[in-house]
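Presented below is the structure to which this report refers.
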Amino acid sequence: MRTLSSLFTACITFLENIRNIGDTDKLDYLKRNELRMSNIITLFSMLIVIIYGAINLNKFPVVGILNFASIGFLLVVFLLNARKKYMFAKLWLLFSLLSLCAVVNLLIPHVATFYLLCALTAGLMVFHARWVQFILIIFVSLAITAPNYIQLPVAYIVKLSGGRMLFNSVFGICCLSALIIYIQYIQRQYQKKIVKQNSYITGLNNDLKNLFAVIAHDFLSPLQSSHYVLDKIKKKELQGEEKEIGIEQISRQVFALQDNLKGILEWSRHNLEGLQPQPQRINLASFSQAIIDSVEDRYILKNIRFDLDIPIEFNIYADPVHMGIVFRNILDNAWKFSFPNSTISICARSTGKEIQYKVSDQGLGIPQEVLDGIFSRFNQPRFGTSGERGSGLGLVLVKRLLKANKGAIVAESSLNQGTSMTIYMPHSPL
């Protein structure tokens, strides 16, 4: 039983390798499936030719030799696909199959009719130019009808027995049916892909609608507020402590605008260009400290302290730009929703194959109805403990970036007690 299972696995692997000859990431869905279809047709054509070559070699040696000789022609298809000459490969495959079937159909009248129809079906599906399709139809029509009007001077041309004609007919119909079913399968998969893409585009459009609403509010309101304070300072209506409070307020508004703009730019860039990580080794302790140092001034405003507990030997394997966005978003949320004079704890632990990186704050917490979908959809912006406002896009982007880097994130929260964000990342390879 184990031997049969191993043999089946080996056969599947062989078929996959043959099917993917010449495949690259640069091919779109349709081109990739056309390539795979040409490889599969070539492989099964070779098997059919070998079967008929063995059958014909005894009674029809010329046809049998022709069958075996055509194998070399079919192997050229794999060579052309491997060299990325996809169009030449398709043309050569069609030429080889049509030539073989047409000649055999003349040597043994009507024996290859169904195989000519198979070649016609494949050609019409692969070649979309009208003139090519027209030539194919004319050629196949002539090849099928030619034996009725042309008789080659070959001594062994005889009428096949009823049993052989029945075998050829049934086998040919099976091949034609299998080809049509395979083509229909590709079309169904393509339809599913289109539906999935439409759903994704609809989601992006909904996010854009919400994003424009956020931009209108998050940019206009702080600018109006800052303009109001600056106008009072210019008119010297604010003096002393009131002036300092006004400047501090403007500073907070500028920080908020900067964060919102960064979040929107990062979100749009990753939605337009896709996520293509460039992973490298990252030391968690030094990387986390650098992120904290880069935004230290804003934490001073709320007198927030950090409790950092990360072993110096912990390293992860990820894109540093992506992880910078992830860490800044999580720390920024912790800062916004932490109460003044509180502590943000950052710790890391090894769980075997991965590292658990946890950021915990002592803040407002997240309502359960928001927590349930916090990583999967656009959320309405929430206000921090000092009136800070986010874009509502950060954690959606965080999850996408972590997924692209083979990581994951889990959120836990209790109202008015705080929130914990736990990231799971694979260890860096030695």
* Asked: Within region 47-64, how many residues are without any contact (Cβ under 8 Å) to a residue 12 or more places away in the chain and not small (Gly, Ala, Ser)?
  -> 7
* Asked: Within the bounds of region 249-259, is there any residue that is at pLDDT below 80, of a type in the set (Phe, Trp, Tyr) and within 30 Å of Arg36 (Cα to Cα)?
  -> no
* **Breaking point among (1) exposed (fewer than 14 other Cβ atoms within 10 Å of the Cβ); (2) under 32 Å from the mean Cα position of the chain (by Cα); (3) at pLDDT below 75, for Gly352** => (3)
* **Leu35 being of a type in the set (A, V, I, L, M, F, W, C), in contact (Cβ under 8 Å) with a residue 40 or more places away in the chain and in contact with a Lys or Arg (Cβ under 9 Å, 6 or more places away or on another chain)** => yes
* Asked: What are the pairs, 6+ residues apart or on separate chains, where a residue within region 263-290 that is modelled with pLDDT of 60 or more has its Cβ under 7 Å from a residue that is loosely packed, with under 12 Cβ neighbours inside 10 Å?
  -> Ala285/Ile312
* Structure fact -> Checked against (1) without any contact (Cβ under 8 Å) to a residue 40 or more places away in the chain; (2) within 30 Å of Ile194 (Cα to Cα); (3) not aliphatic (A, V, I, L, M), Phe68 satisfies every condition except (2)
* Asked: Can you tell which of Ile150, Ile180, Ile186 is assigned by TED's automatic domain parsing to the domain that holds Cys118, modelled with pLDDT of 65 or more and β-branched (Val, Ile, Thr)?
  -> Ile150
* **Entirely in region 1-91, the helices (runs of 4 or more DSSP H) that have 3 or more residues that are at pLDDT below 85 and closer than 26 Å to Leu124 by Cβ** => 29-59
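The values are calculated or read from the model by the stated rules, or taken from the named source; none is laboratory data. Here the structure is a predicted model, which means the values were calculated and not measured. As a convention, Cβ positions derive from the backbone with ideal geometry for all residues, glycine included, and neighbour counts pool all protein chains shown.
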